[in-house]
Amino acid sequence: MCVIIRISKKCNFQGQFWHFKDAVNSSDLKNKGEGILDTSKIKNSDFSQVDISYFFNNDENIKNEIIQTGIIVFTDYQQKLIKKLQDALEKTAPDRLARLQERLDDVTSLAQSIARFPSLLERANTTTSTRTPMALVESIISYQEEGDTVLHMPSKAILGKGFLVAKIHTFFSMSKLAKNYALMDEKEVKEYYDETVSMMFTLMAEDVYMNLIKDKSVSIDLRRELANSLIILWEHRSDQTISDIAPVLQSVWSARRRLAPAFGSMMGTSELMMVTFQMDDQWGAFIKEKLSEPDVAQAMEEFLFGVSYEQILRLKGILRDQGVKSIGRDEVSSYLGERVKTDINLDYRDFYLLYTVRRDNARARQRLHIEGPKNTLEDHFIRFIMEKNQEKQKNDTFAKV
């Protein structure tokens, strides 16, 4: 079972304090979509009475009240990795075990604190109003203002991002422990690093979802589905769609590292084909169906060359005027007259850093209505996958009718 945290609810019913039992007949719901109980059908047998003193000595009671649901601390697979590392360190570097456990306890404590905030998937009474998941979805879709939306987001969403970053750092540290102290082989060490990268893509997914939700060219049905996915991501800090896509994006990034795009003609067609041949069917279908679209092609160039659309245009002009046919990555900065990070490695932090640069540039072009890609390659690919999934679901539904 994956480790999930939730603070259970207590009911104040007819002046008495009770715990509501898990089993509730669905016929007792007035509104099944929102989960409102018809109290006229609730019997005393549905509750178990507890002494009011139970609700004092809060720290101990909160500790005992942690049950399943809510934020996912460690998935089943992550728990296996943790256990594997602990067993290895016990034999090779027992002095490192305590430090690892302290870090894992800190991550769990952070999740417990976040679990105190109201669930985003349930009707919740906030300090000034009542919030429902449906209302939250519509609010996310309708809010189209530019700028940083941090003060408009639920507290749980903001805190959850910090939790995910802490978890990413923890697993990156575990990859170093696996290599340097547990003396695991390269394949085993890669398991920890790959899990770190997978969580990085989950962090990135939040930005992608927000970008696509604001994109009016996306159908309202898909935008609503994206908003639902975003809320689930905020609630659990885990996303199955991104978990499935992450290996493809990671493979594209890894393949890009081995490429040498032609910085003279600024053509990356051959490099793109090399990438495509190494990818799965999803990536191949994406390239085949979408690369002809200007925004996708421009976003692809930015991804391949590691420089912005504007810098690509400038570099093309400079090289053409000077009659230079080809240059290396390390020469790009000198030709442009500014520092440009074109060196490539497999560090997940570099991937995220360069993604955020492309993301911010795309948002600026969208806001200022200027030429160039208005979405990142990641935006386009994830949109493509979700549209295909939505289409498949509709076809499956029609097939059953």
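Quick look at the values:
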item: Cα gyration tensor shape of region 145-250, rounded if a/c is under 1.5, else prolate or oblate by comparing a/b with b/c; result: prolate
item: Region 186-233 and region 102-163: distance between their alpha carbon centers, rounded to Å; result: 16
item: Cross-link pairs beyond the 18 Å C-alpha cut-off, checked among LYS83/LYS176; LYS84/LYS187; LYS84/LYS190; LYS341/LYS374; LYS156/LYS216; LYS80/LYS187; result: LYS341/LYS374; LYS156/LYS216
item: Length released on extending from GLN101 to ASP148, taking residue separation times 0.36 nm less the Cα-Cα span; result: 13.3 nm
item: FRET efficiency, GLU122 to ASN389 (Cβ-Cβ, R0 25 Å, nearest 0.05); result: 0.45
item: Additional length obtainable on full extension of the chain from SER109 to ASP280, 0.36 nm per residue less Cα span; result: 57.7 nm
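Read-outs throughout are calculated quantities, based only on the coordinates presented, and are distinct from any laboratory measurement. The structure presented is a predicted model; accordingly, all values stated were derived computationally and were not measured. We place every Cβ from the backbone using ideal geometry, glycine too, and count neighbours over all the protein chains shown.
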